[in-house]
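Have a look at the structure below before the remarks.
The values are calculated or read from the model by the stated rules, or taken from the named source; none is laboratory data. Just so we're clear, the structure is a prediction, and the values are computed from it rather than from any experiment. Positions of Cβ are backbone-derived with ideal geometry, glycine not excepted, and every protein chain shown enters the neighbour counts.
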Amino acid sequence: MGLGFIIGVFGVLILSHAAYSTIQYRGLLKIMEEEFSGPPMNVVLELLLGFVFCIWAALTVPGKFLSIHPDSEENRIVSLSANLDFMIFNHRAKAFPLEIDMKLKH
Amino acid sequence: MAGHSDSSSSEKKSSEAMNDVPTYSAENLQNNMKVIYYSRTFMSIIGGVLAGILGFTGFMGFVLYFLVMAITSIGLIAKAKFSVHAYFDSWNRIILDGFMGGLMSFVLFWTFAYDIVHIF
């Protein structure tokens, strides 16, 4: 998860850098008094690269898929919740002598 | 009726001989749905930022949204190593789930990015 997270942050940084480049490009167009039809080609490439990084992060960071077949290899152990209903105390350990000292200590 | 209800998380469903209901680990299915939801939400946000930076307005933006969702679906199917039935109970879950939920996030971030890049 660490590496995927870093790649995701990287992708977002690349996208914000592309946004900043587009803002500067628009400023330039305003000076030259032309219409904005689309960002320049290197910004489009940068957006694509950032997008690919973000896709990779979106698929790896949230976690793995777990198999839902009850008899598959990784679902072998069934664990019950640690519920008071299932805790028993009337077992053979009561045959051991008590270990606690019954006298009060000052 | 091949459906099942999501009851308590650690129990496995027992299959009855009469109805032949398929058995699933509901906890793992919920985990997989959560993974899909996170992935789709993040990709909707990134798609929105992309649409805003590129300067799409109107219909083209929604075309980009469907494109990003299709790419996310393909990515999720590839993540499940193309054996969808080992991780989900039907195709609809991995393809359609979270489609419309991401639309709101997409439009929000589309508007944000468009304003920041093109208007201010």
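Being buried (at least 19 other Cβ atoms within 10 Å of the Cβ), aliphatic (A, V, I, L, M), more than 19 Å from B:Gly98 (Cα to Cα) and within 9 Å of chain A (Cβ to nearest Cβ) is the requirement here; does B:Leu76 meet it? Against the criterion (buried (at least 19 other Cβ atoms within 10 Å of the Cβ), aliphatic (A, V, I, L, M), more than 19 Å from B:Gly98 (Cα to Cα) and within 9 Å of chain A (Cβ to nearest Cβ)), B:Leu76 does not qualify.
Scanning region B:96-120 for residues that are outside any loop (DSSP other than H, G, I, E, B), modelled with pLDDT under 90 and crowded, with 18+ Cβ neighbours inside 10 Å, we see that the one that is farthest from the other protein chains (Cβ to nearest Cβ) is B:Gly102. Note on region B:28-67: residues that are within 16 Å of B:Trp110 (Cβ to Cβ) and within 7 Å of another protein chain (Cβ to nearest Cβ) total 8. Take the conditions in a helix (DSSP H, G or I), under 20 Å from A:Gly38 (Cα atoms) and either touching an Asp or Glu at 6+ places or on another chain (Cβ under 6 Å) or not aromatic (Phe, Trp, Tyr) (or both) and apply them to B:Leu64. Does it pass? So B:Leu64 fits the description; yes. With respect to the conditions (1) closer than 21 Å to A:Thr60 by Cα; (2) modelled with pLDDT of 80 or more; (3) out of contact with any helix residue (DSSP H, G or I) (no Cβ under 8 Å at 6 or more places or on another chain), B:Glu27 falls short on a single one, namely (2). Quick check on my filter: what residues within region B:59-94 are modelled with pLDDT of 75 or more and of a type in the set (Val, Ile, Thr)? Of everything in region B:59-94, those that are modelled with pLDDT of 75 or more and of a type in the set (Val, Ile, Thr) turn out to be B:Val63, B:Val68, B:Ile71, B:Thr72, B:Ile74, B:Ile77. Residues considered: A:Arg76, A:Arg26. Of these, the only one that is under 28 Å from B:Asn32 (Cβ atoms), of a type in the set (Lys, Arg) and modelled with pLDDT under 90 is A:Arg76. The numbered conditions (1) at pLDDT 80 or above; (2) more than 20 Å from B:Val117 (Cβ to Cβ); (3) among the hydrophobic types (A, V, I, L, M, F, W, C) are all true for A:Ile14 except (2).
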